[in-house]
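The values are calculated or read from the model by the stated rules, or taken from the named source; none is laboratory data. Since the structure is predicted, the reported quantities are computational estimates derived from the model, not experimental observations. Note: ideal-geometry Cβ built from the backbone for every residue, glycine included; neighbour counts use all protein chains shown.
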Amino acid sequence: MEKLVYILKAGQVLTVEQFRERLLGEVVTGLRSLGGTRITVNVADLNEQIESRSPARLIGPWQDISAVVSLWLDSLDARGPVESLLGETAESLHGYLVTESVPQGFEPEWEGGARRPGVTQFGMNGKPDNVSLEDFYHNWQVTHSQQSFDLHPLRWSYVRNAVARPLTPGAPTHMAIVSEHFHTLEDFVEDERYFGSEEAVNTMIGHLPGFCDLGSMVSLAMSEYYFE
């Protein structure tokens, strides 16, 4: 089994609501028929709320992400029809083969199209040029992942994807793709709930240069849906 992550940008013809309904309807049905399982659809339908309440949570070219679709296939060799289906739905499509780790797990009780309560913080970044590959993985997957529990004490779950390679031409060279979920919008937008102690925040700031290329970093809030 292999996990694939696709970043979609919607065309201007569809509203956010229309794009979401298409993804959750005909696209998920099509992905299932093509062998896709454990399908997660994240939709960028919270932008106005985040811009008004906590614009600092929106980082980098977040406007270029309308949705993120991840799924598992028996083999990435079978991804052609998957990419055709997603490409017909979106104006642009970037795909990645990833290895998934779940440092903070959860049980998806909302399978089948119901919206997961709360909000998902989706983020991607590349590796700083002056950091070795070995140090990058250690700084990100060991040091920062452990520290993130102190940084976000109210976080519900944390899914960490290390990019094995891009799958589509022109895909940005991200190395890290993560999803962190919070129980409520308030847990995400209110600093006193989103962050732990001031010490934890300062520690995180010190860690960033060891694994995160700030120039390629992108982060935004999304609604999440899951299909077994």
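Observations
- Residues of segment 154-171 that turn out to be loosely packed, with under 15 Cβ neighbours inside 10 Å and assigned to a loop (DSSP other than H, G, I, E, B), as a count: 2
- Residue match in segment 142-153 (condition: in a helix (DSSP H, G or I), closer than 22 Å to PHE188 by Cα and within 15 Å of the chain's Cα centre (by Cα)): no
- For segment 34-60, the set of residues classified as assigned to a strand (DSSP E or B), surrounded by 14 or more Cβ atoms within 10 Å (Cβ to Cβ) and of a type in the set (S, T, N, Q) consists of THR40, ASN42, listed by residue number.
- Test for LEU76: is it surrounded by 15 or more Cβ atoms within 10 Å (Cβ to Cβ), farther than 16 Å from ILE7 by Cβ and over 18 Å from the mean Cα position of the chain (by Cα): yes
- Of all residues making up segment 83-103, the number that are in contact with a Lys or Arg (Cβ under 7 Å, 6 or more places away or on another chain), within 13 Å of ASN161 (Cα to Cα) and of a type outside the set (Val, Ile, Thr): 4
- Just one residue in the set VAL28, VAL41, VAL16 is farther than 30 Å from SER75 by Cα and under 20 Å from the mean Cα position of the chain (by Cα); that residue is VAL16.
- Yes/no for GLY170 being touching a Ser or Thr at 6+ places or on another chain (Cβ under 7 Å) and either without any contact (Cβ under 8 Å) to a residue 12 or more places away in the chain or within 29 Å of TRP72 (Cβ to Cβ) (or both): no
- Contact annotation: residue pairs with Cβ atoms under 8 Å, 6 or more positions apart or on different chains, pairing a residue in segment 33-62 that is in contact (Cβ under 8 Å) with a residue 60 or more places away in the chain and over 20 Å from TYR194 (Cβ atoms) with a partner that is part of a loop (DSSP other than H, G, I, E, B) and of a type in the set (Ser, Thr, Tyr), are VAL43/SER66.
- Just so you know, in segment 186-212 the residues that are among the acidic types (Asp, Glu) and part of a helix (DSSP H, G or I) include one that is farthest from SER145 (Cα to Cα), and it is GLU186.
- Residue check, VAL102 out of contact with any Leu (no Cβ under 6 Å at 6 or more places or on another chain) and either assigned to a loop (DSSP other than H, G, I, E, B) or over 11 Å from TYR6 (Cα atoms) (or both): yes
This table checks each residue for (1) part of a strand (DSSP E or B); (2) surrounded by 15 or more Cβ atoms within 10 Å (Cβ to Cβ); (3) under 17 Å from the mean Cα position of the chain (by Cα).
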site: VAL68; (1), (2), (3): yes, yes, yes
site: LEU71; (1), (2), (3): yes, yes, yes
site: GLY87; (1), (2), (3): no, yes, no
site: TYR96; (1), (2), (3): yes, yes, yes
site: PHE106; (1), (2), (3): no, no, yes
site: GLU109; (1), (2), (3): no, no, no
site: GLY113; (1), (2), (3): no, no, no
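- Of the residues making up segment 1-21, those that are part of a helix (DSSP H, G or I) and either farther than 14 Å from LEU93 by Cβ or in contact with a Pro (Cβ under 8 Å, 6 or more places away or on another chain) (or both) number 5.
- Residues located in segment 116-141, provided they are assigned to a helix (DSSP H, G or I) and either at pLDDT below 95 or on the phi > 0 side of the Ramachandran plot (or both): none
- Screening HIS144 with (1) touching a residue at least 24 places away in the same chain (Cβ under 8 Å); (2) out of contact with any Cys (no Cβ under 9 Å at 6 or more places or on another chain); (3) not hydroxyl-bearing (Ser, Thr, Tyr) gives one miss only, at (2).
- Where a residue in segment 92-111 is more than 17 Å from TYR226 (Cα to Cα) and its partner, wherever it lies, is surrounded by fewer than 15 Cβ atoms within 10 Å (Cβ to Cβ) and of a type in the set (D, E, K, R), with Cβ under 7 Å and at least six apart: LEU97/ARG165
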